[in-house]
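Structure first, then comments.
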Amino acid sequence: MGIAEKAFLGSLMKAEYLLKDTVIQPEHLERTQHRELMRRMLELKEAGKNVDLITMTTLPDLKSLGGMSYLSELLSFADVEKFEGIEKLILDLWKEREKKNILTIAANNDWEIAKVVAELDKINQTKMDDHTSLQQALTNIYEAPWEDQINLKSATTGIKKLDEVTGGFQDGEVTIVAARPSMGKTDVMLHFAKMSGWTGFLPLVFSLEMPEKSLTTRLIASTGSFNRTKMRDPKRMLSERQKNKWSDVIGELNETHMQIFDGAGQTIAEMRAKTRKLINQFPNKKPIIFIDYLTLILSSESYGGNAHLQVTEISKSIKTMAKDFHCPVICLAQLNRSVESRANKRPMMSDIRESGSVEQDADVILFLYREAYYDKETQNHSLEIIVSKNRNGPVGTIAVNYNEYTGKIEEQKELRLTQQ
């Protein structure tokens, strides 16, 4: 009994930022000793102290709470990555106990059926985090008539025309960026991440394929307009002018506050745990999540190797993550080879691997296409961003300049006739 509660309390000691974030209250716990321990943790936090093993051992009535050995045991049960699951389990067990409780009281006091049902309903509606008082809601909206809405709610894509079409990256929405290999997916993602970082968001990049060092050198190359091949040996290959620019480029990139996680085979649960941790580290910044790329995310179970079910689960979890953290999620996706066999190689929905659920769950789907990749003779060196699905606006194609040597992406200047 109580393993979930032990894991819960252990996780709070291991990662104390969870304490200010959890929806569980001491009264949700079943064992009196556990309730008491959680109360002590909350008191320590109120007093501005740490809630770790060392501090907990200084509690005056430590013995009655199980002593040092019990605290160490709790810590050994900690599992920060599964914390959300543990919370849900504790809440479900509490609901079950409450229901039994109500039924007992109802039987002893001859309650009418309607009253019993109403009380049971109340418990079922205890959701983890859907409560907003009207007072709070009104405070949130109070300044609206005097505030620029666009900055308020969406991260810029850094491409003016794309912002006009999509309204930027919206909170709670999932954008899928899909393309064949070598079309510039990662460069487009890094462009979006930089731009959102410079406008004050906190870009979290989960790179399941490319190591952090490759992403960093790409960021420096595209920001400084350095040829990517020179990044292999900057000392020998960069010109003096480029070397003089180097520290400015580093300084600019520093201001994005970008965070990179480059573990292969991360699960959505791990990404959520890491996101939650960073939200607590940067309380004044709104996160924006980038994932490279969809089919490299590990699903929570193997579904007997059924790729369609795996992608469906992942696609749903990404959408849930965007809603729960109330932030934009941009996820890259590989397209299957069917594109290559067509005369017109511009991508379509059916080219997304296991496309059904992805198409359904995404709010915006962008395809990338470069004619120059297929036709070496062409003079057209632009990258087309094809808005193929857009829940809140029109679809269409936006062309940007893409330098495949530096990875830099820029708006195309509109040609205006100047009057003589």
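Only one of the listed residues (D262, D324) is among the charged types (D, E, K, R) and touching a helix residue (DSSP H, G or I) at 6+ places or on another chain (Cβ under 6 Å). That residue is D262. Scanning segment 22-46 for residues that are out of contact with any helix residue (DSSP H, G or I) (no Cβ under 9 Å at 6 or more places or on another chain) and at pLDDT 90 or above yields one hit, T32. The helices (runs of 4 or more DSSP H) falling completely within segment 218-314 that include 3 or more residues that are among the charged types (D, E, K, R) and touching a residue at least 24 places away in the same chain (Cβ under 8 Å) map to 268-281. Taken residue by residue, segment 164-184 has at least one member that is part of a helix (DSSP H, G or I) and in contact with a strand residue (DSSP E or B) (Cβ under 6 Å, 6 or more places away or on another chain). A residue that is more than 29 Å from K285 (Cα to Cα) and touching a Phe, Trp or Tyr at 6+ places or on another chain (Cβ under 6 Å) can be found somewhere in segment 347-367.
When the residues of segment 251-268 are filtered to those that are surrounded by 17 or more Cβ atoms within 10 Å (Cβ to Cβ) and aliphatic (A, V, I, L, M), the one that is nearest to E84 (Cα to Cα) is I268.
This table checks each residue for (1) of a type outside the set (A, V, I, L, M); (2) free of Cβ contacts under 8 Å to residues at least 12 places away in the same chain; (3) over 21 Å from L93 (Cβ atoms).
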{"site": "A4", "(1), (2), (3)": "no, no, no"}
{"site": "F8", "(1), (2), (3)": "yes, no, no"}
{"site": "E16", "(1), (2), (3)": "yes, no, yes"}
{"site": "K20", "(1), (2), (3)": "yes, no, yes"}
{"site": "P26", "(1), (2), (3)": "yes, no, no"}
{"site": "G48", "(1), (2), (3)": "yes, yes, yes"}
{"site": "V51", "(1), (2), (3)": "no, no, yes"}
{"site": "T55", "(1), (2), (3)": "yes, yes, yes"}
{"site": "P60", "(1), (2), (3)": "yes, yes, yes"}
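The helices (runs of 4 or more DSSP H) found entirely in segment 1-108 that carry 2 or more residues being touching a Pro at 6+ places or on another chain (Cβ under 7 Å) are 32-46.
Among the residues making up segment 331-354, those that are among the charged types (D, E, K, R) and either assigned to a helix (DSSP H, G or I) or over 30 Å from the mean Cα position of the chain (by Cα) (or both) are R337, E340, R342, K345, D351.
Determine whether N390 is at pLDDT 90 or above and not aliphatic (A, V, I, L, M). Yes; evaluated as a whole, the condition is true for this residue.
Regarding segment 84-98, can at least one residue be identified that is exposed (fewer than 12 other Cβ atoms within 10 Å of the Cβ), in contact with a helix residue (DSSP H, G or I) (Cβ under 8 Å, 6 or more places away or on another chain), of a type in the set (G, A, S) and modelled with pLDDT of 85 or more? No, segment 84-98 has no match at all. Of the listed requirements (1) crowded, with 21+ Cβ neighbours inside 10 Å; (2) within 31 Å of the chain's Cα centre (by Cα); (3) not small (G, A, S), D52 misses just one: (1). Among the residues of segment 198-210, those that are under 23 Å from T156 (Cα atoms) and either of a type in the set (A, V, I, L, M, F, W, C) or surrounded by fewer than 24 Cβ atoms within 10 Å (Cβ to Cβ) (or both) comprise W198, T199, G200, F201, L202, L204, V205, F206. Within the span defined as segment 355-363, one or more residues are buried (at least 23 other Cβ atoms within 10 Å of the Cβ), assigned by TED's automatic domain parsing to the domain that holds A179, in a helix (DSSP H, G or I) and at pLDDT below 90.
Among the listed residues K161, K213, identify the single one that is part of a helix (DSSP H, G or I), surrounded by fewer than 23 Cβ atoms within 10 Å (Cβ to Cβ), over 23 Å from the mean Cα position of the chain (by Cα) and basic (K, R). Please lay out each step first, then the result.
Numbers: K213 fails: over 23 Å from the mean Cα position of the chain (by Cα).
Testing whether each residue is part of a helix (DSSP H, G or I), surrounded by fewer than 23 Cβ atoms within 10 Å (Cβ to Cβ), over 23 Å from the mean Cα position of the chain (by Cα) and basic (K, R) leaves just K161.
When we screen L202, L190 for residues that are touching a Leu at 6+ places or on another chain (Cβ under 9 Å), within 21 Å of T320 (Cα to Cα) and either outside the structural domain of A333 (by TED's automatic domain parsing) or modelled with pLDDT of 90 or more (or both), the only hit is L202.
Working carefully through the options K88, K99, K95, find the one that is in contact (Cβ under 8 Å) with a residue 24 or more places away in the chain and more than 20 Å from H34 (Cα to Cα).
Unique residue meeting the criteria: K99.
The values are calculated or read from the model by the stated rules, or taken from the named source; none is laboratory data. Computed from a prediction, not measured in an experiment: that's the story for all the values here. Counting neighbours? That spans all protein chains shown, and the Cβs are built from the backbone with ideal geometry, glycine included.
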